[in-house]
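The values are calculated or read from the model by the stated rules, or taken from the named source; none is laboratory data. All values derive from a computational prediction rather than experimental measurement. Using ideal geometry, Cβ is built from the backbone for each residue, glycine included, and neighbour counts are taken over all protein chains shown.
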Amino acid sequence: MAADLGVLNDDLQEKVKSSRILVVGAGGIGCELLKNLVLTGFKDIEVIDLDTIDVSNLNRQFLFRKEHVGKSKAQVARESALKFNPDGKIKAYHDSVMSTEYDTEFFKQFDVVLNALDNRAARNHVNRMCLAADKPLVESGTAGYLGQVTVIKKGLTECYECQPKPHQKTFPGCTIRNTPSEPIHCIVWAKHLFNQLFGEADPDEDVSPDTEDPELAGDAGKQALQSEAKEDTVGGIERKSTRIWAQETGYDPMKIFNKLFRDDIHYLLSMESLWKKRRPPEPLDFDSLPNTGGSSDNMNLIHDQRIWSVQECADIFKQSVDLLKSELQKQGDAGILVWDKDEPAAMDFVTAAANIRAYIFGIPIKSRFDIKSMAGNIIPAIATTNAIIAGLLVMEALKILSGNINDCRTVYLNRHPNSRKKLLVPCMLDPPNPKCYVCSSKPEVTVKVNTTSMTVKSLEDKVIKGQFGLVAPDVELDDGKGTIIISSEEGETEENAAKPLSFFGIKNGSRIKCDDFLQEYNLNITLLHVDKLEEEKEFEVVGDVSEVQARAAEASAAAAAAATTVSSFTPSNTAPDNSASNNGQGQTEIDDEDDLEIIEDEEEEMIVETSAISRKRKADEVEEPASKKARKLNSEQVNEDDDAIVVL
Ligand SMILES: [Zn+2]
C-alpha cells in the first residue's frame, strides 16, 4: 500500500488510513477507483451501485469475472478489491444513491465523496447531497478517449450544476417525418416506427407525414390532407394510429411496407412546397423493388458490415416484422416490445426500415453495424481512459485530505497531446456561479410555458424533475395561501395531475416554490405565459446560458469545421457517459442505452458529452482560470451546441 511505503508524508499517510470515503458507482471508473483506493492505503470505503454485472462489462471492469455475471457490482467489487488488502474495510450497497436512505446524515459521515457515475440525474443528485452535507465531491467522467475530473466544494468552487447543461439535441418532428436528409433522421424514424408498431406508442414519435410542417406555407398541408380524404384509399388506409392499422392488417409485412414506403411517400409528394428545393422522395412498391442500393464490392464483408441492397432490406424487413409480430403475440393482448439493439429482429427491423427510407430520400444506406452504433449510441468504453481518470480521482482526493483544496484542479484527458505535448491538462477551479439555481443562496429561475395547456403532471415531470433535477418535490403556489399543487407524498395531489396550470390560477408572472426534502433544496420558479414556443418545445428556461452559448458556437461552427474531428452526439436528460455504471434511475451503461440521439459526422467517431464543465476544455492552455477558457472556446473545435465532449 502506498501509505505504508512512505510515498506519502506522515500526515497524509495517517489521513489516508483514517478517512472515510464514499465511492458512488462501481462500473468502469468505479472498479479502477476502488482498486486504486485500496492500494493507496485507504481502509474505510463505502461503495454504492445499483447495477448488476453484465457480460459486456468484463472487457474493462477488471474486478469482475465471468462467474460474477448477474451479481451486484458493488458487492463483487468489494470482494475483489479486498483481496488487494484484506485489512481494509469496504461496505457495499447494491442500491440507488438517489434512494431516500442516503440522506444528508449519510453523506456527512464521509471525508470525501468520489463520483464514478454514468448519468446526469445521479450526478445532479449527488452534487446536491454533497452541497447539503457540505462535503467535498470529486466528479469524474469518460467518453471514449476523453475524460475529466474536477472538485466541487460548497462555497468555494462551481458546483456540478453551476453552468447550465447543454440541452438534448432533438430533431424537429417534421425533419424526421417529412424531410429527412441524413442517415440518422431515418434511423430515428425507424426506431419510432418500431415503437409505433410493437412498442410503447408515443404520440411524439408519430412516423406519418406531418401536415403541420411549418414549411407548408398556406394550406398546402390541408390540401394534401383533403385530397387524401377524398380518396381515402391511399393504400386503403384511413388516418388512424399506425399500431391499430397494423393490427387490423394482421401485421402483414407487405401491407406495412407499401403503406410506409409507397403510400405515405406519395402523400408526402403531394405536399409540393417541400420539394421545391429538395430532391423529392421516390416511392417504392414491395412487388417491384430495385436490386440496387447495395454495393457489389462488399460481398467479402461479414453480413453486419455489408451494405444491403434495397431488395435485401425489404426481405429482412419482412422477416423481422414476422418475427416481431410473433414475439408480440407471445406477450398477450397488452404486450409490448422494447427496442434493444442486441435483439436481432429488432435491430434488423430498424436497419432495414431506416435504409429503405434512406434510399427513398436519396440518403446513403448504412451497414447494420453502423446503424447499430448510431441507434444504440455506442461509444467505445476504453479501459485505459477509465484507469487514468480513476488515478486522477485519487490524486484530487489526496489534495483535499491534505487540506490543500486550493491546489485541486479540473483535469482534462485529451485525445491527442496538446501543443505542449500534454495529454492531461489541468485548469483552475472556478468560483461558484452566483446565479446558479442550485448552489446560490436563493435559487431562482424563470420558465416560459403555456399555462393553459401545460398540465401539473408535465410541470412536475418535465420541468421540475426533468430540467431542474428534483427527485421528490413538494410544490406550492406563491399565492399567499400556500396552495400545494404537487406533493411528494404519493396520492396526495393525484387529482391535480391532468389539470392545466391555469386551473390553479397560474398565469403570466406566477411564482411557485419547489422543495425537495431529501436534497434539502428549495427552488423558486417564476412562470411566464407564452402561447407557443419555437420548435415544438413545451417550456423554455429564460436566460439559459447554454442557449446563448449554443448560438455563439453555431456562429463559429463554420470556422471551426475544418478542425472538428468529432461527430457529435447528444445526451438525453440523463446524459450518461460510458464509464461507471451506478445510477439512480436504472440506466445502464451507455452501450446499453437507447434513449440518446446521435448526429453523425464524416469522421467515424462518436463522442458523448455531458457536462457544462466540459465546455471549458481547451487543450492548449494550462493553469488558466477555466472561465477564461470557456470564453475562448467558441473558436475551438468543441461544438457546444452538440455537446461534443465529455462528461462529468
Ligand atoms: Zn452551482
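Brief remarks follow.
- Extreme residue, nearest to the chain's Cα centre (by Cα), among residues of region 100-119 that are without any contact (Cβ under 8 Å) to a residue 40 or more places away in the chain and over 21 Å from E396 (Cβ atoms): E101
- Filter result for G70 (away from the ligand (no atom under 16 Å from the Cβ), farther than 27 Å from R409 by Cβ and outside the structural domain of V463 (by TED's automatic domain parsing)): yes
- Selection within region 410-445 - closer than 25 Å to N524 by Cα, touching a Cys at 6+ places or on another chain (Cβ under 8 Å) and of a type in the set (A, V, I, L, M, F, W, C): C436, V438, C439
- D54 being surrounded by fewer than 20 Cβ atoms within 10 Å (Cβ to Cβ) and over 28 Å from the mean Cα position of the chain (by Cα): no
- Subset of region 126-164 that is out of contact with any Pro (no Cβ under 8 Å at 6 or more places or on another chain) and polar (S, T, N, Q) - its residue that is surrounded by the most Cβ atoms within 10 Å (Cβ to Cβ): T142
- Residue in region 121-134 that is in contact with a strand residue (DSSP E or B) (Cβ under 9 Å, 6 or more places away or on another chain), more than 16 Å from the ligand (Cβ to nearest atom) and at pLDDT below 95 present: yes
- The criterion of being more than 28 Å from E520 (Cβ to Cβ) and crowded, with 19+ Cβ neighbours inside 10 Å does not hold for L470.
- Restricting attention to region 29-48, the residues that are over 11 Å from A77 (Cα atoms) and within 26 Å of the chain's Cα centre (by Cα) total 1.
- Looking at region 483-580, the strands (runs of 3 or more DSSP E) lying wholly inside it that each contain 2 or more residues that are modelled with pLDDT of 90 or more and within 29 Å of K108 (Cβ to Cβ) sit at 510-516, 521-529.
- Elements of type strands (runs of 3 or more DSSP E) in region 54-154, at least 2 residues being hydroxyl-bearing (S, T, Y): 137-143
Quick grid of which residues meet (1) among the acidic types (D, E); (2) farther than 20 Å from K135 by Cα:
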{"residue": "I400", "(1), (2)": "no, no"}
{"residue": "K422", "(1), (2)": "no, yes"}
{"residue": "C427", "(1), (2)": "no, yes"}
{"residue": "S441", "(1), (2)": "no, no"}
{"residue": "V456", "(1), (2)": "no, yes"}
{"residue": "E460", "(1), (2)": "yes, yes"}
